[in-house]
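Read-outs: derived from the displayed coordinates by stated rules, not from any lab. Computed from a predicted model, the values in this text were never measured in an experiment. Here Cβ is always computed from backbone atoms with ideal geometry, including for glycine, and neighbour counts include all displayed protein chains.
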Amino acid sequence: MHELSICHSIVDIVGRHAAGREVRTVYLQVGALRQIVPETLRYCWTLVNADTPLAGSTLQVDSVPGAVRCRACEHRQLLTDAVLVCASCGGRDVEIVAGEEFLITTLDLAEA
Amino acid sequence: MGRFHRHDDEPGHGHGHGHDPADHDHRHDGPSPDPDSAEHGDHTGYATGTERVEVLERIFGENDRTAAQNRADFDAAGVTAINLMSSPGAGKTELLRRVLAQLQGSVRVGVVEGDIETSIDADRLEGFGAVISLLNTANGFGGECHLDAPMVRSALSRLSLDALDLLLVENVGNLVCPAEFAVGEHHRVMVYAITEGEEKPLKYPVMFRSVDLVLVNKIDLLPHLDFDLPAFKRNLQAVNPGVTVLETSARTGHGVDELCTWLQAARPHEPAAAG
């Protein structure tokens with residue numbers, strides 16, 4: 001349940017960018033290799049924001065699939081499971097190039 | 001790819017109104033580009049009343065900034081910091097007792113002991129000359145399931161880093177959350193008990209992938225279990241190729257010499273996985 005403390009971090013960042021304006025939607029990018037459960041995150045969002053100015057806002061989660069690049073043969077592929085092996089050459093020297101994102105991309109604010 | 005769908009609904013008919021927000025989760029059909037170069041939605045022509053503001057801020061940014069401060073303090077004091085993680089009951093505290101007993105008198109050790117409640121584990125580590133700083137994470141919501149960088153920073157205020165060579169951070173027992181939070185450590189070490197089953201690296205790859213050393217603990221139980229050690233090691237290498245593995249028993253002391261040698265040879269370096 002680290003989603004709860006994560007929601008507090010999101011609240012801090014959103015508050016800084018919203019600067020007192022009404023927040024309608026918070027857009028997140030969450031990589032598939034992050035252990036973040038979007039449903040839990042949204043539930044915690046309502047929990048931590050009950051009775052606050054963010055109570056009516058929505059979290060919009062954009063999932064990014066994991067992807068790796070093989071350092072030996074340059075092959076790129078989506079990760080379908082946890083195993084880090086190149087599907088092209090069978091090598092294990094692969095680096096994760098996508099799927100670890102965890103950021104707030106944009107906010108929808110009520111016009112001032 | 002890497003782009004949000006358009007949000008040009010009428011005011012009052014935006015997201016979260018009259019339909020399950022889960023409907024709006026959508027997946028890319030390819031690898032995401034660098035977030036900094038990604039296009040984030042259509043900034044023209046959406047309905048009046050709503051203004052889109054670009055943020056592009058990492059949610060772990062604050063934690064990572066504090067982790068960097070912690071690491072700078074460790075480096076300035078010449079302290080090697082280890083983040084020790086495992087599921088509950090894998091044997092972190094008992095292994096630590098063995099390590100503290102062995103290093104007593106030769107290495108100055110500090111321990112940050114993370115637990116949701118009680119000082120039971122901290123009490124178990126008393127008597128070996130190590131400085132213990134207890135962190136209870138209870139917060140009114142049932143307790144944090146991990147240590148984060150600010151929590152460790154608060155524990156550091158009760159330790160004198162200049163008087164230490166090695167800092168062992170015993171994280172909250174949990175195979176998921178601690179892997180997401182850097183605390184400023186130089187190395188991550190995981191205790192895995194063979195009673196947990198061979199498939200755990202595949203089920204919890206983030207944790208197993210984030211560590212530099214895996215201690216395969218309770219190895220004294222091997223004759224009594226159906227545990228398939230080679231299968232476990234194959235699964236581990238599949239998610240973290242090349243990771244160092246040591247077999248240990250906190251009960252018999254097996255492997256503790258090797259662990260202490262590894263800890264003493266551990267020199268500060270950039271951790272492989274920062275949150």
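Taking other residues whose beta carbon is less than 11 angstrom from the beta carbon of A:GLY31, and scoring Lys, Arg as +1 and Asp, Glu as -1, yields -2.
The average projected area of the stretch B:111-180, computed from the convex hull of its Cα atoms over all directions, is 5.1 nm².
Ratio of chain A's C-alpha Rg to 2.2 N^0.38 Å, to two decimals? Display every interim value, and only then the final one.
On the way: Rg = 17.7 Å, N = 112, 2.2 N^0.38 = 13.2 Å.
Cα-based Rg divided by the globular estimate yields 1.34.
Using a cutoff of 8 angstrom between alpha carbon atoms and counting only pairs six or more residues apart, the relative contact order for the stretch A:2-112 works out to 37 percent. The stretch A:36-63 and the stretch B:142-219 have Cα centres lying 28 Å from one another.
Under 5 Å from the amide H of B:LEU134 lie the amide H atoms of B:GLU113, each residue being 5 or more positions distant or on a separate chain, with H modelled from the backbone and absent for Pro and chain starts. Hey, how much of the P(r) for the stretch B:150-275 falls beyond 17 Å, as a percent of Cα pairs? Tail fraction, whole percent: 61.
Using the number of other C-beta atoms within 10 angstrom as an exposure proxy, rank A:THR25, A:THR80 with the fewest first.
Least to most surrounded, the residues fall as A:THR80, A:THR25.
Ranked from largest, the principal axis spans of the Cα set of the stretch B:58-144 equal 42, 35, 19 Å. Split chain A at each of the GluC sites (Glu not before Pro) in a DSSP loop with at most 16 other beta carbon atoms within 10 Å, and the longest piece is A:23-73.
If you take all other residues with their beta carbon under 15 Å from the beta carbon of B:ALA238, and give Lys and Arg +1 and Asp and Glu -1, the sum is +1.
Placing +1 on each Lys and Arg Cβ and -1 on each Asp and Glu Cβ, with no other charges, gives the stretch B:142-275 a dipole about its Cα centre of roughly 140 debye.
Database remark: amide H of A:VAL64 closer than 5 angstrom to the amide H of A:VAL30, A:GLY31, A:ALA32 (H placed geometrically; neighbours at sequence offset of 5 or more, or on other chains; Pro and chain starts carry no H).
Of the residues A:SER9, A:HIS75, A:VAL97, the one whose Cα sits farthest toward the positive end of the charge dipole of the stretch A:3-109, with +1 on the Cβ of Lys and Arg and -1 on the Cβ of Asp and Glu, is A:HIS75. Among residues other than B:PRO150 with Cβ under 13 Å from its Cβ, the summed charge is -3 (Lys and Arg +1, Asp and Glu -1). Hull volume per residue, based on the alpha-carbon atoms of the stretch A:63-112 and their convex hull, is 88 Å³. Taking the Cα centre of the stretch A:3-109 as origin and assigning +1 to Lys and Arg Cβ atoms and -1 to Asp and Glu Cβ atoms, the resulting dipole is close to 160 debye.
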